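The values are calculated or read from the model by the stated rules, or taken from the named source; none is laboratory data. Every value quoted in this text rests on a predicted model; they were computed, and no experiment measured them. Heads up, the Cβs are rebuilt from the backbone with ideal geometry, glycines too, and the neighbour counts pull from every protein chain shown. For the accessible areas, the whole protein counts, side chains as well, though only heavy atoms, and no ligand, DNA or RNA atoms are used. Shrake-Rupley method; radii C 1.70, N 1.55, O 1.52, S 1.80 Å.
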Amino acid sequence: MSFSREQLESYRDTTVPDLLGPGLKLLFVGINPGLWTAAVQAHFARRGNRFYPALYRSGLTDRLIDASAGYAEADRQHLIDRGLGISNMAHRTTARADELRPEELLEGARRLDDLVARARPKVVAFLGITAYRVAFAAPKAKIGRQPEKLHDADVWVAPNPSGLNAHTQLPELAEAFRRLGVAAGISGSRT
């Protein structure tokens, strides 16, 4: 599947629904959907994003999911059955996260508060330290478990899985995801 630049641009400012199901244990929160993600309506869908390879290497999934053409129903259901969910801090689709205004991240934090109150995950994992710092007015936050909770959920910040994040390599990202799985009580997390 491929899209022209013009086709991708047509998805700017659209949204992608959250991936949530019953028995949610671990809610991953991205910064916002990218254009490719909006085009195929599947989170972290752009080739080069390391989200699904890290999930697989961490043991949180038993297969490598390829969402680049959208979710196969079996893959979507596998994520839900494993207790995994995906949302975003801001729902507006952009080409790059730095196109978001700080107010959008602050509003996203309020919306996530409501979502977590309803969905009751054990762990909420924010993927991207800079966006987390802005959204939660926590300028000194560091990667890892945070001291505060969101309702009863433990709050963690993990590296952004975007291929643009050269600071974190796939093995390091997979290990961070493995720790999230252990904290959420998801069995099968590889050691």
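State the number of residues belonging to the range 47-59 that are open to solvent by less than 20 Å² (accessible area, probe 1.4 Å) and in contact with a strand residue (DSSP E or B) (Cβ under 8 Å, 6 or more places away or on another chain). Even if it seems obvious, please write down each step before you answer.
So in the range 47-59, the residues open to solvent by less than 20 Å² (accessible area, probe 1.4 Å) come out as 51-52, 54-55, 58-59.
Next, only the ones that are in contact with a strand residue (DSSP E or B) (Cβ under 8 Å, 6 or more places away or on another chain) stay: 51, 55.
Here the count works out to 2.
Cβ-Cβ below 9 Å, separation at least six or inter-chain, first residue in the range 23-48 and of a type in the set (Ser, Thr, Tyr), second in a strand (DSSP E or B): which pairs?
That search, which allows pairs on different chains as well, returns Thr37/Gly30.
How many residues are within 16 Å of Leu173 (Cβ to Cβ) and open to solvent by 10 Å² or more (accessible area, probe 1.4 Å) if we restrict to the range 25-46? Talk me through it step by step, then tell me what you get.
Initially, the range 25-46 is screened for residues within 16 Å of Leu173 (Cβ to Cβ), giving 26, 28-31, 43-44, 46.
Next cut, open to solvent by 10 Å² or more (accessible area, probe 1.4 Å) only: 31, 44, 46.
Qualifying residue count for the region: 3.
Go through the range 2-22 and report how many residues are in a loop (DSSP other than H, G, I, E, B) and free of Cβ contacts under 8 Å to residues at least 60 places away in the same chain. Working first, answer last.
Filtering the range 2-22 down to residues in a loop (DSSP other than H, G, I, E, B) leaves 2-4, 10-18, 20-22.
Then drop every residue that is not free of Cβ contacts under 8 Å to residues at least 60 places away in the same chain, which leaves 2-4, 10, 17, 22.
Within the range 2-22, residues that are in a loop (DSSP other than H, G, I, E, B) and free of Cβ contacts under 8 Å to residues at least 60 places away in the same chain number 6.
Anything in the range 1-24 that is at pLDDT 95 or above, open to solvent by 60 Å² or more (accessible area, probe 1.4 Å) and among the hydrophobic types (A, V, I, L, M, F, W, C)? List them, or say none.
Residue satisfying the conditions is Leu20 alone.
Name, by its number, the condition in (1) surrounded by 21 or more Cβ atoms within 10 Å (Cβ to Cβ); (2) under 22 Å from Tyr56 (Cα atoms); (3) in contact with a Gly (Cβ under 8 Å, 6 or more places away or on another chain) that does not hold for Lys122.
(1)
What single numbered condition from (1) open to solvent by 40 Å² or more (accessible area, probe 1.4 Å); (2) within 20 Å of Arg178 (Cβ to Cβ); (3) under 16 Å from the mean Cα position of the chain (by Cα) fails to hold for Asp62?
Failing condition for Asp62: (3).
Restricting the search to the range 49-74, which residues are closer than 19 Å to Gly34 by Cβ and part of a helix (DSSP H, G or I)? Walk me through how you get there before you give the answer.
Going residue by residue through the range 49-74, those that are closer than 19 Å to Gly34 by Cβ are 49-55, 65-71.
Result: Phe51, Tyr52, Pro53, Ala54, Leu55.
Please indicate, with yes or no, whether at least one residue in the range 91-111 is farther than 22 Å from Asp13 by Cα and either open to solvent by 10 Å² or more (accessible area, probe 1.4 Å) or modelled with pLDDT under 95 (or both).
As a first pass, look at the range 91-111 and keep what is farther than 22 Å from Asp13 by Cα: none.
Among the residues of the range 91-111, not one is farther than 22 Å from Asp13 by Cα and either open to solvent by 10 Å² or more (accessible area, probe 1.4 Å) or modelled with pLDDT under 95 (or both), which makes the answer no.
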